[in-house]
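Asks: I have a structure I would like to understand better, so I am pasting it below and will then ask my questions one at a time.
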Amino acid sequence: MLQKPNRQTLVEQVALQMESLIESGNWGVGMRIPAEPELMKELNISRNTLREAIRALIHSGLLKTKQGDGTYVCSSSALGAAMKRRILRSDTLQTLEVRHALEREGAHLAAQRRTSGEVRELLVQLERCEEAAKSSDIDRFVTEDIHLHQIIIKASHNEILIEIYSHIAEALQDSITSLTRYEAGANFLEIHRQLVEAIVDQDADRAVEAVHCYIQESKEVIIKEQEEQP
């Protein structure tokens, strides 16, 4: 015989529904979620139940509240939020080592599996990166650079790798800012062009070598900066 769910179970059910809306993209990152009265009416729940569910999602890193403005989506998944917290506790060298592992395998697979449509997408995105660098728009360059790597990972056609990297990329938005002045330089961009060209040519070894080059150069910059610090 079915039993009436207790209050805690109802809170969990509401939180899961809201989490599903976030993960499906119906509530995108940066979006303000509907106001309390609207959610209470739609879900047929009390204000206290709704607020407990929202608090649970804030604690998991999916939502954040802006005083006097509302509640906003700040991560596309609980895993993404957890990865962001973990990356923020790590130093930049460790983050680069993780990027190296994922981007190296992504480039290797992309060179073998990319489609003609993905080739066009990669070439257009590379131009966007170069345009952002020329304009000295650091925020735009970070966004375009991350998007370029996401396209490469997508071209790997490995669903698990794509999902893991999407969560990593979300967290990288803040962590790679310290490298942007260097990464927007001509040499770094040339290595990225070599990477894209290797994938276009379906040369997996050359693609892997390009990833190794830009990660290694980034590491050297970080180490040098650390040595110069008092």
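Asks: Go through the range 34-50 residue by residue and turn each phi into a ³J(HN,Hα) via Karplus (6.51, -1.76, 1.60, θ = phi - 60°); whole Hz please, and just put x for glycine and proline.
Replies: With the stated coefficients, the range 34-50 comes to x, 5, 3, x, 5, 5, 4, 5, 5, 8, 6, 10, 7, 4, 5, 5, 4 Hz.
Asks: Still on this structure, I have one more. Considering Cα pairs under 8 angstrom that are at least six residues apart, work out the relative contact order of the chain and quote it in whole percent. Please list the in-between numbers first.
Replies: Values: 261 pairs, mean separation 47.3, N = 230.
Relative contact order here is 21 percent.
Asks: Between Lys66 and Ser46, 0.36 nm times their residue separation minus their Cα-Cα distance comes to what?
Replies: Numbers: separation 20, 0.36 × 20 = 7.20 nm, distance 2.18 nm.
Full-extension gain reported as 5.0 nm.
Asks: Which one of Glu23, Glu144, Glu38 has the biggest mean-square fluctuation once the chain is modelled by GNM with Cα springs under 10 Å?
Replies: Greatest mean-square fluctuation among the candidates belongs to Glu38.
Asks: Taking the simple approach of a point 7 Å from Cα along Cα-to-Cβ for both Ile162 and Ser24, what is their distance in nm?
Replies: It works out to 2.0 nm between the two label points.
Asks: May I ask for the equivalent-ellipsoid semi-axes of the chain, computed as the square root of five times each C-alpha gyration tensor eigenvalue and listed largest first in whole Å?
Replies: Numbers: eigenvalues 310, 82, 51 Å².
Output for the chain: semi-axes of 39, 20, 16 Å.
Asks: Something else about it: Can you pick out the pairs among Lys64/Lys219; Lys41/Lys66; Lys66/Lys134; Lys41/Lys64; Lys41/Lys84 whose Cα atoms lie more than 24 Å from each other?
Replies: Numbers: Lys64/Lys219 33 Å; Lys41/Lys66 22 Å; Lys66/Lys134 35 Å; Lys41/Lys64 22 Å; Lys41/Lys84 33 Å.
Result: Lys64/Lys219; Lys66/Lys134; Lys41/Lys84 exceed 24 Å.
Asks: Based on C-alpha coordinates, I'd like the Rg and Dmax of the range 7-75, in Å.
Replies: Both quantities, over Cα of the range 7-75: 11.0, 30 Å.
Asks: For labels at Ala78 and Val124 in the simple 7 Å Cα→Cβ model, what's the distance in nm?
Replies: Label-label distance for Ala78 and Val124, simple model: 3.6 nm.
Only the coordinates and a few stated rules stand behind these numbers; no lab work does. Note that the structure is a prediction, hence the values are computed from the model and not measured. Reconstructed Cβ throughout: ideal geometry from the backbone, glycine too, with neighbour counts over all protein chains shown.
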